[in-house]
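Novice: Quick one: this structure, given as structure tokens, is what I'll be asking you about.
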Amino acid sequence: MIFGVGQLRSRSASPGVGWVRVGTTQQVDQGHVTFVSSVPAYVVTTPDGLLGLYAKSTHLGEPVEYCATSGYFEDPLHGTKFDSMGYYALGPAPRGLDRLQVRTVGDAVWIDPSDLTAGPARGSRPPSRPIGPYCPET
């Protein structure tokens, strides 16, 4: 008789301690930009895969909001603007939005809030153009 000992992982099992579930791959793909309030972060669907962006400005740590009309991430307090991939576009921030690791396990998308990487330096690449008007500042 043969007995096996082990643990079965479900298709949506966490990739590790501290990872936060974002949603299903279908939900994330359909949303294009998904906000994860518990981190806070955005998961962005790009042609190259999923991108995790920390939702705090690199200026003074202010919350950054996604503006659907411009397609940019905007700091409504100080006016910094980051393009759809988190690259610096305008304002006082010293660099683009910080990055977080994103992983897909089965049909679930996960983000690691403990794995923060500094955003790209100003001028590391030209920002994409906004797709429309910026959102009003508050």
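Novice: Kindly provide the set of residues from the stretch 17-60 that are among the aliphatic types (A, V, I, L, M) and assigned to a strand (DSSP E or B), ordered by number.
Specialist: Of everything in the stretch 17-60, those that are among the aliphatic types (A, V, I, L, M) and assigned to a strand (DSSP E or B) turn out to be V20, V22, V33, V36, A41, V43, V44, L50, L51, L53.
Listed here are the residues, each with its yes/no results for (1) surrounded by fewer than 22 Cβ atoms within 10 Å (Cβ to Cβ); (2) within 9 Å of the chain's Cα centre (by Cα); (3) more than 28 Å from P15 (Cα to Cα).
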{"position": "V39", "(1), (2), (3)": "yes, no, no"}
{"position": "P47", "(1), (2), (3)": "yes, no, no"}
{"position": "G52", "(1), (2), (3)": "no, yes, no"}
{"position": "H59", "(1), (2), (3)": "yes, no, yes"}
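Novice: Looking at R99, R103, R95, R125 in this structure, which one is more than 24 Å from G23 (Cβ to Cβ), at pLDDT 95 or above and of a type in the set (K, R)? Even if it seems obvious, please write down each step before you answer.
Specialist: Details: R99 fails: more than 24 Å from G23 (Cβ to Cβ); R103 fails: more than 24 Å from G23 (Cβ to Cβ); R125 fails: at pLDDT 95 or above.
Criteria check complete, one pass: R95.
Novice: Could you please find all residues in the stretch 64-110 being outside any strand (DSSP E or B) and among the polar types (S, T, N, Q)?
Specialist: T69, S70, T80, S84
Novice: Can you find a residue in the stretch 71-83 that is of a type in the set (A, V, I, L, M), at pLDDT below 95 and touching a Pro at 6+ places or on another chain (Cβ under 9 Å)?
Specialist: Yes, that holds for at least one residue.
Novice: Right, something else. Can you work out which of the residues in the stretch 106-120 that are of a type in the set (V, I, T) and under 14 Å from V22 (Cβ atoms) is nearest to the chain's Cα centre (by Cα)?
Specialist: Filtering the stretch 106-120 for residues of a type in the set (V, I, T) gives 109, 111, 117.
Next, from what is left, pick out any that are under 14 Å from V22 (Cβ atoms): 109, 111.
Numbers: V109: 12, I111: 8 Å.
Of everything passing the filter in the stretch 106-120, I111 is nearest to the chain's Cα centre (by Cα).
Here's the yes/no breakdown for (1) without any contact (Cβ under 8 Å) to a residue 40 or more places away in the chain; (2) within 14 Å of Y54 (Cβ to Cβ):
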residue: G91; (1), (2): yes, no
residue: G96; (1), (2): yes, yes
residue: R103; (1), (2): no, no
residue: I111; (1), (2): no, yes
residue: D115; (1), (2): yes, yes
residue: A121; (1), (2): yes, no
residue: I131; (1), (2): no, no
residue: Y134; (1), (2): no, no
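Novice: Identify, please: which residue in the stretch 63-102 is of a type in the set (K, R) and more than 12 Å from the chain's Cα centre (by Cα) and is, among those, surrounded by the fewest Cβ atoms within 10 Å (Cβ to Cβ)? Walk me through how you get there before you give the answer.
Specialist: Here is the first cut: in the stretch 63-102, the ones of a type in the set (K, R) are 81, 95, 99.
Of the ones still in play, those that are also more than 12 Å from the chain's Cα centre (by Cα) are 81, 95.
Working: K81: 21, R95: 18.
Of everything passing the filter in the stretch 63-102, R95 is surrounded by the fewest Cβ atoms within 10 Å (Cβ to Cβ).
Novice: Tell me, please, whether a residue that is part of a strand (DSSP E or B) and surrounded by 17 or more Cβ atoms within 10 Å (Cβ to Cβ) can be found in the stretch 113-134.
Specialist: Yes, the stretch 113-134 contains at least one residue that is part of a strand (DSSP E or B) and surrounded by 17 or more Cβ atoms within 10 Å (Cβ to Cβ).
The values are calculated or read from the model by the stated rules, or taken from the named source; none is laboratory data. Keep in mind it's a predicted model, so treat the numbers as computed, not measured. With ideal geometry, Cβ positions are generated from the backbone for all residues, glycine too; neighbour counts draw on all protein chains shown.
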